[in-house]
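Inspection log for the structure reproduced underneath, given as structure tokens.
Derivation of every value follows stated rules applied to the coordinates shown; laboratory data play no part. Bear in mind the structure is a predicted one, so any value in this text is a computation, not a measurement. Cβ: placed from backbone, ideal geometry, glycine included. Neighbour counts: every protein chain shown.
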Amino acid sequence: MLSQYVPIVALFALAAGFAVFSVAMAPYIGPRRYNRAKLDAYECGIEPVHQPLGAGRFPVKYYLTAMLFIVFDIEIVFLYPWAVANDSLGIFGLVEMVLFIVTLLVAYAYVWRRGGLEWD
Amino acid sequence: MPNLDSFGHDVWWIILIKVVAVFAILVVMTLFTIWLERRVVGRMQQRIGPNRVGPQGLLQSLADGLKLAFKEDIMPALADKPVYFLAPIIAAIPAFLAFSVIPLGPEVSIFGERTPLQLTDVPVGVLIVLACSSMGVYGIVLAGWASGSTYPLLGGLRSAAQLISYEIGMGLAVVPVFLYAGSLSTSEVVASQENVWHIAPLFVSFVIYFISVVGETNRAPFDLPEAESELVGGFHTEYSSLKFALFFLAEYINIVTVSALATTLFLGGWRAPFGLGTVWAGANEGWLPIVWFLGKVFAFIFVFIWLRGTLPRLRYDQFMAFGWKVLVPVGLLWIVVVATLRTLSREYDWSFLQSILFVGIPLAIVLIVLLLLPDKAAEPEDDETLYGIMPEQPETSYPIPPLDLIVPSIVPSNVTSNVTSKALSSAERTDSA
């Protein structure tokens, strides 16, 4: 059955070769004219402020979004096999999945209520 | 009719032809889409658009790509060099891979070999597309982070938050399709749409899917990671030359891929439109279905361009709220409704009217009641804070003059020091008058 994946690997090799070739060749094809200002971070013309790599801290809100994403993405991953097999599971499968979704909706309502979905 | 068993038997040179063909199709469609976008948006803005390079300006994007290759490749001094180098590669590869399971047509014969017009198909077909679109996020985040600059970092973060938020909506929107198709494999989803396209029973899913993918591909009106007025170019501000070209390529390939996936899941894939297949059997055979497929894909791409030409950009908090507070709950409820209807009508052998009666009407009543519930009680308006007395000033701050400050025309010399250190309140002004 794994033979179905061979074309994907082949396409991966072609795409990777193309991408690596483009990125690696870029410095050699184009001109190179040194200018210190070019190498500065772009800040609309003003002198860039020196800052640590990755520009230091950023809002914790992004982490919260990432956590919520994991919760719901795992829910979706559970929904897929159920959706495929639903016709053979009958009423039992339906009730089980509705209970699962309701459980997550409680968590969702809690997050909403606590302002986890607000962005300010 | 190709199904899962039709895949995995190709000889090596057929695989090679298909791989090169998919690669070429994607690159050519990217170039064509960029040209189409510039022409269509030009028309929508009462301009002509590019029309000099080649007939009707068709070679314009190719010329632009070549020009980019001959531009200087700048490595910013503060950049994290290995990651900066890898990010465009990580963005581009999944974009190509996502297209590998999209069916372009039925079985045809290439040099005497029968093979389906699809690179490959696996039992988890659509998951491959979703996985690749998730991997693309890494390229964008790493590009923003590795540039060592503020604008790209903010653009990359915004992009990541946006992509993962709208991926939930997209993932939920395709679940009912699998309920109907009973399979995750793209060729079997197309096969299940022989009589009715999934867009008809699953219109809500289709709408959620389309809105989500507009967010997922960073297109207007959801193009916040590249909001020029706020973030210059977003995550690729510091990129130039072919590295920039790779990001651009990945972005447009993603647009093509999500349009192709929408065609596959909701619009019957490569099947002839308007029931043409029932009156003319040849419409769904041989090489012709590629035309139907490309027609549907470009119809989607046109809508993408149309949205860009019409709608202004959303504010970021509104945009995130829409994804989390509208698309996610609607998607979940719609899955429950579809599953309930489908299971009950099969178990109890209901007709269409009966299922409407037993499930649709109660659901409609619940929805109407929910809609009639009042929103949060309106906040009592405090007139005093708006008019008359000025709002209190924070204790520690420097003195702020009140909004209705009237500068006295003649200031006696003995009170000058008082006036400059303290703003006149309205009460004091009435006294002096």
TODO: Using label points projected 7 Å from each Cα along Cα→Cβ, tell me how many nm separate A:VAL60 and A:ARG36, to one decimal.
DONE: 4.1
TODO: Measure nothing fancy, just the Cα-based angle from helix B:125-146's long axis to the longest principal axis of chain B, in degrees from 0 to 90, nearest 10.
DONE: 40
- [ ] Rounded to the nearest 0.05, what FRET efficiency do B:VAL53 and A:TYR5 give with R0 = 35 Å and r taken as the Cβ-Cβ distance? Could you check?
- [x] 0.30
Open item on the list: Averaged over its residues, how many other protein chain Cβ atoms are within 10 Å of peptide B:88-97's Cβ atoms?
Closed with: 5
Task: Spin-label model distance (nm) - B:LYS67 vs B:ILE290, 7 Å beyond Cα toward Cβ - done: 3.1
Open item on the list: Loop-only chymotrypsin sites (Phe, Trp or Tyr not before Pro) in region A:13-105, please: DSSP not H, G, I, E or B, and at most 10 other Cβ atoms within 10 Å.
Closed with: A:TYR34
Task: Cα long-axis angle, helix A:6-29 against chain A (0 to 90 degrees, to the nearest 10) - done: 20
TODO: Run the dipole for the protein assembly as shown about the Cα centre, Lys and Arg Cβ at +1, Asp and Glu Cβ at -1, nothing else charged, and hand back the magnitude in debye, nearest 20.
DONE: 1660
- [ ] State whether the protein assembly as shown is rounded, prolate or oblate according to the following rule on the C-alpha gyration tensor (a ≥ b ≥ c being the square roots of its eigenvalues): a/c under 1.5 gives rounded; otherwise a/b larger than b/c gives prolate, and the remaining case gives oblate.
- [x] oblate
TODO: Mind telling me which of A:LEU105, A:LEU68, A:LEU11 comes out most flexible in a GNM of chain A, alpha-carbon contacts under 10 Å?
DONE: A:LEU11
Task: Interchain or long-range residues, amide H under 5 Å from B:LEU117's placed H - done: B:GLY105, B:GLU107, B:VAL108
- [ ] Read phi for every residue in region B:327-332 and hand back ³J(HN,Hα) as whole Hz from Karplus 6.51 cos²θ - 1.76 cosθ + 1.60, θ = phi - 60°, with x for Gly and Pro.
- [x] 5, 5, x, 5, x, 5
Open item on the list: Running a GNM on chain B with Cα contacts under 10 Å, which residue among B:VAL291, B:VAL11, B:VAL196 ends up with the highest mean-square fluctuation?
Closed with: B:VAL11
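Distance cut-off 25 Å, Cα to Cα: go down the list B:LYS18/B:LYS71; A:LYS38/B:LYS71; A:LYS38/B:LYS67 and report the pairs above it.
Flagged as over cut-off: B:LYS18/B:LYS71.
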TODO: With r as the distance between the Cβ atoms of B:ILE356 and A:VAL95 and R0 = 25 Å, compute the FRET efficiency 1/(1 + (r/R0)^6) and round to 0.05.
DONE: 0.70
- [ ] Answer rounded, prolate or oblate for region B:4-314, using the Cα gyration tensor with square roots of eigenvalues a ≥ b ≥ c: rounded when a/c is under 1.5, else prolate when a/b is larger than b/c, else oblate.
- [x] prolate
Task: FRET efficiency, A:ARG113 to B:ASN195 (Cβ-Cβ, R0 45 Å, nearest 0.05) - done: 0.50
TODO: Would you tally the net charge around A:ALA10, using a Cβ to Cβ cut-off of less than 13 Å, leaving A:ALA10 out, and scoring K and R as +1, D and E as -1?
DONE: 0
Open item on the list: Between 0 and 90 degrees, rounded to the nearest ten: what's the tilt of helix B:203-216 against the longest Cα principal axis of chain B?
Closed with: 60
- [ ] Would you tell me the mean number of C-beta atoms belonging to other protein chains that fall within 10 Å of each C-beta in A:70-83, as a whole number?
- [x] 6
Task: Residue order, fewest to most surrounding Cβ atoms within 10 angstrom, among B:LEU78, B:LEU371 - done: B:LEU371, B:LEU78
Open item on the list: Could you identify which residue out of A:VAL98, A:VAL71, A:VAL23 has the top mean-square fluctuation in a GNM of chain A using Cα springs shorter than 10 Å?
Closed with: A:VAL23
